[in-house]
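A.B. asks: Have a look at this one.
The values are calculated or read from the model by the stated rules, or taken from the named source; none is laboratory data. Just so we're clear, the structure is a prediction, and the values are computed from it rather than from any experiment. Glycine gets a Cβ as well: all are built from the backbone with ideal geometry, and neighbour counts include every protein chain shown.
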Amino acid sequence: MRAMVLTEMGSPLQLKQLPQPIPAAGQLVVRVHACGVCRTDLHLLDNELPAIPYPIIPGHEIVGRVISVGKDGDIRLLGQRVGIPWLGYTCGCCHYCINHRENLCEKALFTGYTLNGGYADYVVADSRYCFVLPDHYTDVEAAPLLCAGLIGYRALRACGQGSRLGIYGFGAAAHLVVQIAQAQGWEVYAFTRPNDSAAQQFARQLGAVWAGSSDCPAPVVLDTAIIFAAVGALVPTALSAVDKGGTVVCAGIHMSDIPAFPYSVLWGERRLCSIANLTRNDGLEFFALAAQMHLQTHTVSYPLEQANTALDDLRQGHFVGAAVLVMS
């Protein structure tokens, strides 16, 4: 099979021919149809995640069909279209797992990071961590839902109650969250890279009531904010923009250092929290919602062999929405 492989720190992905994986007990082999390109993949390439097990195949927004199952597996899954997300395994017995917080499991394994991912023709996955996808999304449309959608949904849920939501960083996750938030009655204020008029127009098209540069003050006092951009300097900015009792949610897996800021920015029972990974229950809830809403996923497609180009275009902000690799 073809696979785009990260072989060492600082190296671009290399196209390699590898053996097709064989499923162990409880696993599935999936023929990959599409795989989303996520900013987390850039953090992997940039060595910003700990203990990367080189060589590794990135990709954790995987859509495909089951072609084989491991020993004692459910043969009814053969031919089913499934989605494979970031969370690929948890131990099930630590205090996090027992208390319904499997996203924090110390022994968790992650697709496209500590498990080989979907930048390939085939991938093997634990059947317990795969999702059945709503039928009315195409493979390309469904791919961004597997991380941008799931993490965005978890971040929005962490915001609590309110009516005015700020979103800092308007990429793949934000373009899905704004649709969910609007449907739930939020007014959304989108903050983009400075002078990124294309992203600002995109945000307004999707329902944001205001869109501007992240270095501009918020036009209203916000009730809560989500930071998708991996920019630590936005933390005090967002805290200054939310009202007393408001929440700022940091939704990325990696962020640059947060600068010092006066306590007065946090005072007033403002809260700062992070989102780490996802749970399978998040997936069940989110895909039930996605089945009802038919979210618009705006995508730019690339063939598998152009994964490095897709990653560079993501880094440079050359498109709005999400990039998706499509297998021939």
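A.B. asks: For the stretch 1-67, list the strands (runs of 3 or more DSSP E) that sit wholly inside it and hold at least 2 residues that are within 20 Å of Leu314 (Cβ to Cβ), in contact (Cβ under 8 Å) with a residue 40 or more places away in the chain and not acidic (Asp, Glu); which are they?
C.D. replies: Strands (runs of 3 or more DSSP E) meeting the threshold: 2-5, 27-37.
A.B. asks: Moving on. If we only count helices (runs of 4 or more DSSP H) wholly inside the stretch 95-166, which ones have 3 or more residues that are farther than 19 Å from Thr279 by Cβ?
C.D. replies: Correct list: 139-142.
A.B. asks: Here is a check on your reading of the model: is Ala208 in a helix (DSSP H, G or I) and either in contact with a Leu (Cβ under 6 Å, 6 or more places away or on another chain) or at negative phi (or both)?
C.D. replies: Against the criterion (in a helix (DSSP H, G or I) and either in contact with a Leu (Cβ under 6 Å, 6 or more places away or on another chain) or at negative phi (or both)), Ala208 does not qualify.
A.B. asks: Residues being assigned to a strand (DSSP E or B) and in contact with a helix residue (DSSP H, G or I) (Cβ under 6 Å, 6 or more places away or on another chain): count how many of those fall in the stretch 170-198.
C.D. replies: So the count comes out to 3.
A.B. asks: Being assigned to a loop (DSSP other than H, G, I, E, B), in contact (Cβ under 8 Å) with a residue 60 or more places away in the chain and on the phi < 0 side of the Ramachandran plot is the filter here; which residues of the stretch 256-281 pass it?
C.D. replies: Passing the criteria: Ile275, Ala276, Leu278, Thr279.
A.B. asks: (1) surrounded by 18 or more Cβ atoms within 10 Å (Cβ to Cβ); (2) more than 16 Å from Val242 (Cα to Cα); (3) not assigned by TED's automatic domain parsing to the domain that holds Gly321: which one isn't true of Ser213, the others all being true?
C.D. replies: (1)
A.B. asks: Surrounded by fewer than 17 Cβ atoms within 10 Å (Cβ to Cβ) and on the phi > 0 side of the Ramachandran plot: which single residue out of Gly112, Gly92 fits that description?
C.D. replies: Selected residue: Gly92, the only one of Gly112, Gly92 that is surrounded by fewer than 17 Cβ atoms within 10 Å (Cβ to Cβ) and on the phi > 0 side of the Ramachandran plot.
A.B. asks: Of all residues in the stretch 98-145, which are under 22 Å from Gly26 (Cα atoms) and either of a type in the set (Gly, Ala, Ser) or not assigned by TED's automatic domain parsing to the domain that holds Tyr302 (or both)?
C.D. replies: Ala108, Gly112, Gly117, Gly118, Ala120, Ala125, Ser127
A.B. asks: Let me ask another. Is there any pair linking a residue in the stretch 227-249 that is touching a residue at least 40 places away in the same chain (Cβ under 8 Å) to one that is among the charged types (D, E, K, R) and in a strand (DSSP E or B), with Cβ under 8 Å and at least six apart or on different chains, and which?
C.D. replies: Every condition considered, the pairs that remain are Val242/Asp223; Gly246/Asp223; Gly246/Arg271; Thr247/Arg271.
A.B. asks: Return only the number of the condition from (1) outside the structural domain of Ala322 (by TED's automatic domain parsing); (2) surrounded by fewer than 23 Cβ atoms within 10 Å (Cβ to Cβ); (3) in contact with a Phe, Trp or Tyr (Cβ under 7 Å, 6 or more places away or on another chain) that Ile167 does not satisfy.
C.D. replies: Looking at each condition in turn, Ile167 falls short on (2).
A.B. asks: Something else: Which ones in the stretch 68-94 are without any contact (Cβ under 8 Å) to a residue 24 or more places away in the chain and assigned to a helix (DSSP H, G or I)?
C.D. replies: Ile75, Arg76
A.B. asks: Right, another one. Considering the stretch 240-262 alone, what residues qualify as being under 23 Å from the mean Cα position of the chain (by Cα), over 23 Å from Cys147 (Cβ atoms) and surrounded by 14 or more Cβ atoms within 10 Å (Cβ to Cβ)?
C.D. replies: Once the filter is applied, which keeps residues that are under 23 Å from the mean Cα position of the chain (by Cα), over 23 Å from Cys147 (Cβ atoms) and surrounded by 14 or more Cβ atoms within 10 Å (Cβ to Cβ), the stretch 240-262 yields only Ile258.
A.B. asks: Determine whether the stretch 49-63 contains at least one residue that is more than 26 Å from His254 (Cα to Cα), in the same structural domain as His294 (by TED's automatic domain parsing) and touching a Leu at 6+ places or on another chain (Cβ under 6 Å).
C.D. replies: No, the stretch 49-63 contains no residue that is more than 26 Å from His254 (Cα to Cα), in the same structural domain as His294 (by TED's automatic domain parsing) and touching a Leu at 6+ places or on another chain (Cβ under 6 Å).
A.B. asks: So, of the residues in the stretch 243-290 that are touching a Leu at 6+ places or on another chain (Cβ under 9 Å) and charged (D, E, K, R), which turns out to be farthest from Gly232 (Cα to Cα)?
C.D. replies: Filtering the stretch 243-290 for residues that are touching a Leu at 6+ places or on another chain (Cβ under 9 Å) and charged (D, E, K, R), the one farthest from Gly232 (Cα to Cα) comes out as Arg280.
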